[in-house]
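Taken together, the values in this text are just the output of simple stated rules run on the coordinates, not laboratory data. Nothing here was measured: the structure is a model prediction, and the numbers come from that model. Glycine also receives a Cβ, built like all others from the backbone with ideal geometry; neighbour counts cover every protein chain displayed.
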């Protein structure tokens, strides 16, 4: 079974509509390693040696976060800057992560149709995730299809949180069971609770 580590990044957990519930799903899985970055590094004093060892010890790195201004929460960018060093993650001799896989589990406040050429975001969601995808590429990792909840702020009132949590559980299990091992991620591919349900019924 591939070893999976979940890095959770949310600076305002007391205001979370969905992410803290997703964190609960992850922490209940005894086979996962779960790291709450804001809890572990409240002063952003990230330990590169500790984090690099965590990466070496796992096969799949899953980042869970709310989309903030088309990017990650700031601590996750700090983590990348400190941990993914030249000579370790990329560059001459930097092949420590080669062959590993990177996944994302994100929530977006905007509805799905916002992330279209005619929507107010103008671009597909995956376009905003290209820096993370290219980070995976540079580190010789495989980028997996992200698991996404659109319209996250309205999801509780629309009854979409529980299906999303069920899909997240299924997404993690699929990672652990190796179901994505031979999967070739398409340029605009994302997975949602509905997609995970169809995959389970297939």
Problem - Label point distance in nm, residue 45-residue 184, each placed 7 Å from Cα along Cα→Cβ - result: 4.8 nm
Exercise for the section: Among 170, 43, rank each residue by its count of other Cβ atoms within 10 Å, from fewest to most, as a rough exposure measure. Expected result: 43, 170
Completion exercise
Per the rule of 0.36 nm per residue minus the C-alpha distance, extending residue 177 to residue 112 adds in nm 20.6 nm
Exercise for the section: Compute the distance in nm between two label points, each set 7 Å from the Cα along the Cα-to-Cβ direction, one at residue 169 and one at residue 81. Expected result: 3.9 nm
Practice task
Sort the stretch 103-156 into rounded, prolate or oblate with this rule: let a ≥ b ≥ c be the square roots of the eigenvalues of the Cα gyration tensor; rounded if a/c is under 1.5, and if a/c is not under 1.5, prolate when a/b is larger than b/c, oblate otherwise.
Solution key: oblate
Handout entry: Part-to-part distance (alpha-carbon centres) for the stretch 83-145 and the stretch 1-75, which is given in Å
Key = 15 Å
Practice task
Kindly work out what percent of the DSSP beta bridges joining two residues of the stretch 4-177 are antiparallel, to the nearest 5.
Solution key: 5 percent
Practice task
Taking every Cα atom in the chain, find the radius of gyration and the maximum pairwise distance Dmax, and write them in Å.
Solution key: 16.2, 51
Completion exercise
In degrees rounded to 10, the 0-90 angle between helix 19-28 Cα long axis and the longest Cα principal axis of the chain is 60 degrees
Completion exercise
Quick note, the stretch 1-54: a/c under 1.5 would make it rounded; otherwise a/b > b/c is prolate and the rest oblate (a ≥ b ≥ c, C-alpha gyration tensor); here it is oblate
Exercise for the section: Classify the stretch 102-202 as rounded, prolate or oblate, taking a ≥ b ≥ c as the square roots of the eigenvalues of its Cα gyration tensor: rounded when a/c is under 1.5, otherwise prolate if a/b is larger than b/c and oblate if not. Expected result: oblate
Handout entry: Calculated FRET efficiency for the pair residue 130/residue 92, C-beta based, R₀ 25 Å, to 0.05
Key = 0.50
Problem - Histogram of C-alpha separations across the stretch 47-158, 5 Å bin width, % - result: 2, 11, 19, 22, 17, 12, 8, 6, 2, 0, 0
